[in-house]
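J.: First the structure, which I've put down as structure tokens, then a few questions once you've had a look.
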Amino acid sequence: MKYAVLLFFMSCVSINAQTQDLSADTVVQDSITTRPEHLYAEDLAWPYIKIGVGTWLPQGKMADFQETAFEFELSLEFPSETKKRSFEFGIQFIPLNQQRNYTINTTDGPFGVRGTLMMNGFMRFKKYMFKSSKAHFEMGAGIGISSIFLDTVDVQDEDILEDENTNTILFIPGLAYLYEFEDESKLILGIDLQYSPYQLEGSPISEIGSMAVIPKVSYRF
């Protein structure tokens with residue numbers, strides 16, 4: 001009888017151990033089967049390229065030298081739909097319309113300089129503030145470098161100009177509304193605030209402006 005009870009007890013322990021192993025295997029299998037689905041959902045949000053156009057509106061002292069100009073933008077976006085955020089690398093090209101030339105003083109005397117092109121390169125983190133199945137509203141903050149390429153007003157002064165561009169840090173927060181169509185193309189309406197404290201070495205007015213507003217529209221094919 002004692003051996004029968006011991007045999008029964010050992011059988012119960014063996015069955016319980018096998019059940020636990022089976023449960024553990026099931027949990028592992030479940031985690032294996034559910035994890036790729038989660039990763040697959042993340043992988044669906046592929047990075048995409050956006051092309052955009054807008055209007056560059058100089059503000060404050062910047063408007064004393066520059067007029068409203070056309071803006072062209074190209075960017076690469078890395079979205080994370082599950083975390084409702086995205087990361088963007090972008091570049092903006094702005095052909096400048098100079099209305100008042102800059103002046104640079106040298107040992108040979110003053111000469112006039114004008115800006116021909118502004119180029120902004122930035123990276124920006126964006127957070128979705130509101131999201132539905134087809135649209136979302138986002139807020140972003142970015143940092144980068146802004147450059148103004150310079151040229152002399154008179155051709156004979158070309159050899160005097162030592163630096164053909166002036167560079168500064170760029171802060172570029174923005175707001176945008178994105179709508180996704182049935183074919184997965186996207187239309188984005190946005191507005192950026194550009195802050196780039198430019199200084200022109202050798203100019204009597206060293207600070208030549210820093211603020212601009214850029215309303216724009218972008219499209220992802």
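Read the figures in this text as sums done on the coordinates, not as results from a lab. Please read all numbers here as calculations on a predicted model, not as lab measurements. Neighbour counts run over all protein chains shown; Cβ positions are idealised from the backbone, glycine included.
J.: Stretch PHE125-GLU182 to full length: gain in nm at 0.36 nm per residue minus the Cα-Cα span?
T.: Numbers: separation 57, 0.36 × 57 = 20.52 nm, distance 2.62 nm.
Contour length minus the Cα-Cα distance gives 17.9 nm.
J.: Which residues does the label zone of LEU175 cover in the stretch 128-155, counting backbone N under 16 Å from a point 7 Å along Cα→Cβ?
T.: Under cut-off, by backbone N: 128-131, 136-142.
J.: By how many nm would the segment from GLN59 to ILE205 grow when fully extended, if each residue of separation counts as 0.36 nm and the alpha-carbon distance is taken off?
T.: Taking 0.36 nm per residue and subtracting the Cα distance, the gain is 50.9 nm.
J.: Report, as a whole number in µm² per second, the diffusion coefficient that Stokes-Einstein gives for the stretch 45-220 at 10 °C and 1.306 mPa s using the Kirkwood radius over alpha carbon pairs. It would help to have the intermediate numbers written out before the result.
T.: Values: Rh = 17.4 Å.
Reported coefficient: 91 µm²/s.
J.: Using 0.36 nm times the number of residues separating THR168 and VAL153, minus their current alpha carbon distance, what extension gain do you get? Spell out each step's value before the answer.
T.: Numbers: separation 15, 0.36 × 15 = 5.40 nm, distance 2.27 nm.
In short, 3.1 nm is gained.
J.: So, one more: Percent of Cα-Cα pairs per 10 Å bin, from 0 to the last occupied bin, for the stretch 65-117, please list those.
T.: Calculated P(r), rounded to whole percents: 20, 26, 22, 18, 10, 4, 0.
J.: What distance in nm lies between label points placed 7 Å from Cα along the C-beta direction at PHE93 and LYS134?
T.: 3.4 nm
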